[in-house]
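The values are calculated or read from the model by the stated rules, or taken from the named source; none is laboratory data. Treat the numbers as computed from the prediction; the structure is a model and nothing was measured. Glycine also receives a Cβ, built like all others from the backbone with ideal geometry; neighbour counts cover every protein chain displayed. Protein only, heavy atoms only, side chains kept; ligands, DNA and RNA dropped before computing areas. Shrake-Rupley method; radii C 1.70, N 1.55, O 1.52, S 1.80 Å.
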Amino acid sequence: MALNIPRFDMEIFKTYPPWKIAGGALAVYVLYLVLGKIAVRMHENKLIKQYGCKPAVMLYSPYGLQMMKDFGEFMKKKKVPTMMHYWLQQKPETNTVRVDSLGTTTIVTNEPRNLQVMLATEFDSATPHSKLPQCYIMSYPSHQDFRLGGFRERCFKPFIGSGIFTQDGHEWSISRALLRPAFELKNSTNFGGLELHIQRIYNHILDEPADEEGFRALDLEPLLSKFSLDVVTELLFGKTSDQRHAKHVSTKEEQDFVEAWEIGQHWMVDRAKAGPLCNFVTSKKARAACATVQKYADQFVDQSIERYKTKTLINNTDSGRYVFLDEIVQQTQDREILRSQCLNVLFAGRETLAALIAWTLFWLRKTPRVHRKLVEEVEKKFGVGLDARLPTYEQMWELTYLQWVLRETHRLNSPAPGNGRECSKTTVLPLGGGPDGKSPLLVRRGDLVHYSTYSMCRRKDLYGESAEEYLPERWGQDAPGEGLQKFANTTATYALIRIIQLFPDLKPAPNPNHSEDTVLYRVGMTNTVDHGVWLNFK
């Protein structure tokens, strides 16, 4: 049977030559673009008129390279967390500026109300809505208005997979629902395991040579970094990497994991620095490290799935242990999801915990008055020395001054001193417009909005004239701020209590590699002290 294929009528070209057809198609396309631009502009004008929006103060030329130049200079000086604070200080009359580069519109702000709007859906639903005046609730955006964009997932997925740290929008909401119950459990912190790791730090310090007065000087930051890795991996997988000291290494597999994790983490930082060109930052060594880390995690995922099938989950026994995997495996048995979520938590949690403890000790060595007051509180409650009583979960929170100390550390040196979002739909921020930044600000689709908590927490109109000072007593009053992440706060509280109990005579030690006059920041996934925390232990 022959196919009846219609023949193309070439006569049409006699009436409508090809150049006319192409010209007509081009005209229709141009008309579509023009009408689209008009519709967008009309929508923007409607929002501007409705909310009284004004443009933000321009700091740099829209097509200049000053923003990129500043980034290079601050990175060289190891001062990257202070960069946005520097920009905002250039225009002291406002708390929001426009810092463009190569035609990309970038808004930089330290306004708490703007942060509440941008991050509202990432925390408890009660956080921002009830605190905003009615006029700001009107412009309160949905979770579609601001997003991470695809950069973070492109940058980090090869190492830690797709999880709560890399996801956006609906996928992030699903991950949050999966992980939240696991972190809300009271027994998610294993104090028995914590004490084991504290004792290893103690033994490591005692291995150092003492001076004539019995003091041992060393940089505690590397030990805290290893401590946090051990604590978080034990929480996630139920097994510690035992990397406190060379003599504690139990298997080559654990050594390989720790080494691969460090390689992979540094690779992720290098990819983040490359920005949109992150996919060009690669190496055979880094890829091999990613495979090693994922293989190490897979064995624990398989074990957890098997325990789920045989109804022998560790969390359901009387052992007192808690394994994060055993909690979330009850909701999904997808091997890739379980591995990715655990690696995401490890990636975000390891440095956060280490940075919080390190910065707290950094400030204690700089403020002897705060250190003495903290020692007095710990000694009164639990005693000090080798015979001191170990704190329980409930008793830890009775140390009010210690909680003030942690909150003050978090204020001045938050593990995340700044971040940003891409606007996915033209919307309105409550503040930032006009010469004084007091008017609403129109943010167009595709604009970048960066916020600086480092700068916000140093605003004198929020924290008084002592905003730059380390003053834990400010938290005894009604000051702005939210509580710390539960796991990091709990673990840091226990670790600091034990360090103070074991070494009540803690004193500053001279740093052989750095002057005491300046603070340097390590460029990584968190705000970490670059020059270490040198202390004298006795």
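Worth pointing out:
- Full-extension gain in nm, GLU376 to LEU102, via 0.36 nm per residue minus C-alpha separation: 93.1 nm
- Placing pseudo-labels 7 Å out from each Cα toward the beta carbon at GLU306 and ALA210 gives an inter-label distance of 4.7 nm.
- Measuring between alpha carbons in the structure, the pairs from LYS157/LYS284; LYS77/LYS157; LYS226/LYS486; LYS157/LYS295; LYS226/LYS309 lying more than 22 angstrom apart are LYS77/LYS157; LYS226/LYS309.
- A simple packing score, the average count of other Cβ atoms within 10 Å per residue, orders the peptides 33-44, 70-81, 324-335 as 324-335, 70-81, 33-44, with the highest score first.
- Aspartates and glutamates whose Cα lies under 12 Å from that of LYS460, excluding same-chain neighbours fewer than 8 positions away: GLU468, GLU469
- Of all aspartates and glutamates in the structure, the ones whose alpha carbon falls short of 13 Å from that of LYS78, not counting any fewer than 8 places away in one chain, are ASP70, ASP530.
- For segment 29-34, putting each phi into the Karplus relation 6.51 cos²θ - 1.76 cosθ + 1.60 with θ = phi - 60° gives couplings of 5, 5, 4, 4, 5, 5 Hz, in residue order, rounded to whole numbers and with x for Gly and Pro.
- Distant-in-sequence amide H partners of PHE537 (H built 1.01 Å from N, under 5 Å): ARG216, ALA217, LEU218
- Rounded accessible area per residue of segment 336-401, 1.4 Å, Å²: 41 Å²
- Once both labels are positioned 7 Å from their Cα atoms along Cα-to-Cβ, the gap between ALA274 and LEU35 label points is 4.3 nm.
- Amide H within-cut-off set for GLY52, under 5 Å, with H built and near neighbours excluded: none
- FRET efficiency, 1/(1 + (r/R0)^6) with R0 22 Å, evaluated for MET75 and GLU259 via beta carbons: 0.25
- In this structure, HIS43 and SER173 have a Cβ-Cβ separation that, at R0 = 22 Å, corresponds to a calculated FRET efficiency of about 0.25.
- Amide H contacts under 5 Å for VAL57: ARG98, GLY434, restricted to partners 5 or more places along the chain or on a different chain, H placed in the peptide plane at 1.01 Å from N.
- Taking the Cα centre of segment 366-481 as origin and assigning +1 to Lys and Arg Cβ atoms and -1 to Asp and Glu Cβ atoms, the resulting dipole is close to 380 debye.
- A simple spin-label model places pseudo-atoms 7 Å from Cα toward Cβ; at LYS460 and ALA25 they are separated by 6.5 nm.
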